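Below is one structure, written out as structure tokens; the observations come after it.
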Amino acid sequence: MLTLIASVKVAEYAEIVIALIDYGSGNLRSVHKALLQVGAEVRLAREPAELEGSAGVVLPGVGAFDDCIQALTQQGMLAAARQFIESGRPFLGICVGYQALFERSEEFNSGAAGMGIFGGKVVRFEAGNGLKIPQIGWNQLEIVQANCPLYRGIPNGSYVYFVHSFFPQPRDPSIVATRTEYGQTFASSVWRNNVFATQFHPEKSQKIGLQLLANFVEITRGAH
């Protein structure tokens, strides 16, 4: 099992800079803090030039799909993030940052186009199953791709923290890395090549979340 990266190992990662995209997302600070905790050197990126030279990129997000897409577009970061992904370097999307990788969302009859990295749309949980929407709290992961490096050292069935009413429906089932049940089964994370994304919040998921972020730091280090 991969040991969590302790603060004493920060110097080992000093040359590996991860860009954390800052477009006003409410969970920016907590993601920043968690990345620092696992030994990452983090640059807050507010314009496209600040992604250059980064070993990896993290796109956080809470709130509405449209707000995320519009803010990223206004800063020129939507296209910059897509170009970064095309460069082959590691990319991690979190919550709405996960949803933004898809083509579109049904949230509030959204007309905004996502990045389109993955085919599919973002949909709302079905009503009438007796469960509260949004899903807020801890839920389990069924790891579908055991070889996904983001889940190295993370046991199947681990609990992580969710806050969401919407989730992506990938057109290609082969990209699904984990599934979760909440009245219906949904793709709680995806992975394809250099792109990783989670519907849950690693920064709120305590030990498991820190392990996942530590794994992402390891991935960026290996790709450097």
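Beta carbons closer than 6 Å, at least 6 apart along the sequence or on distinct chains, never pair a first residue in the range 78-102 that is surrounded by fewer than 24 Cβ atoms within 10 Å (Cβ to Cβ) with a second that is of a type in the set (D, E, K, R). Among the residues of the range 73-103, those identified as outside any helix (DSSP H, G or I) and more than 17 Å from the chain's Cα centre (by Cα) are Gln75, Gly76, Ser87.
Note on the range 204-224: residues that are closer than 19 Å to Asn156 by Cα and of a type in the set (D, E, K, R) amount to 2. Within the range 115-124, the set of residues being in contact with a Ser or Thr (Cβ under 7 Å, 6 or more places away or on another chain), open to solvent by 10 Å² or more (accessible area, probe 1.4 Å) and either closer than 22 Å to Val160 by Cβ or assigned to a loop (DSSP other than H, G, I, E, B) (or both) comprises Arg124 only. Of all the residues that make up the range 43-86, how many are among the polar types (S, T, N, Q) and more than 25 Å from Val122 (Cα to Cα)? Number satisfying all stated conditions: 1. Checking the structure you have, find out if any residue of the range 182-191 is touching a residue at least 40 places away in the same chain (Cβ under 8 Å) and on the phi > 0 side of the Ramachandran plot. Checked against the condition, which is being touching a residue at least 40 places away in the same chain (Cβ under 8 Å) and on the phi > 0 side of the Ramachandran plot, the range 182-191 yields at least one hit.
What do you reckon, is Ala81 within 20 Å of Ser189 (Cα to Cα), small (Gly, Ala, Ser) and modelled with pLDDT of 95 or more? Against the criterion (within 20 Å of Ser189 (Cα to Cα), small (Gly, Ala, Ser) and modelled with pLDDT of 95 or more), Ala81 qualifies. Got at least one residue in the range 31-53 being within 22 Å of Asn193 (Cα to Cα), assigned to a loop (DSSP other than H, G, I, E, B) and either open to solvent by 50 Å² or more (accessible area, probe 1.4 Å) or not small (Gly, Ala, Ser) (or both)? Looking through the range 31-53, at least one residue is within 22 Å of Asn193 (Cα to Cα), assigned to a loop (DSSP other than H, G, I, E, B) and either open to solvent by 50 Å² or more (accessible area, probe 1.4 Å) or not small (Gly, Ala, Ser) (or both).
Here Phe108 meets each of (1) over 16 Å from Ala197 (Cβ atoms); (2) part of a strand (DSSP E or B) with one exception, condition (2). Pairs linking a residue in the range 207-218 that is free of Cβ contacts under 8 Å to residues at least 24 places away in the same chain and under 17 Å from Val17 (Cβ atoms) to a residue that is open to solvent by 10 Å² or more (accessible area, probe 1.4 Å) and not charged (D, E, K, R), with Cβ atoms under 8 Å and 6 or more positions apart or on different chains, do not occur. Considering only residues in the range 134-160 that are touching an Asp or Glu at 6+ places or on another chain (Cβ under 9 Å) and part of a loop (DSSP other than H, G, I, E, B), the one that is least open to solvent (accessible area, probe 1.4 Å) turns out to be Gly157. Of all the criteria given as (1) crowded, with 17+ Cβ neighbours inside 10 Å; (2) out of contact with any strand residue (DSSP E or B) (no Cβ under 8 Å at 6 or more places or on another chain), the one not satisfied by His164 is (2).
Taking every residue in the range 53-65 that is under 20 Å from Glu41 (Cα atoms) and touching a residue at least 40 places away in the same chain (Cβ under 8 Å) and pairing it with any residue that is in a loop (DSSP other than H, G, I, E, B) and acidic (Asp, Glu), at least 6 positions away or on another chain, the pairs with Cβ-Cβ distances below 9 Å are Ala55/Glu15; Pro60/Asp22.
The values are calculated or read from the model by the stated rules, or taken from the named source; none is laboratory data. A quick note: this is a predicted structure, and the numbers were derived from the prediction, not measured. We place every Cβ from the backbone using ideal geometry, glycine too, and count neighbours over all the protein chains shown. Keep in mind that these areas ignore ligands, DNA and RNA; they rest on the heavy atoms of the full protein, side chains included. Shrake-Rupley method; radii C 1.70, N 1.55, O 1.52, S 1.80 Å.
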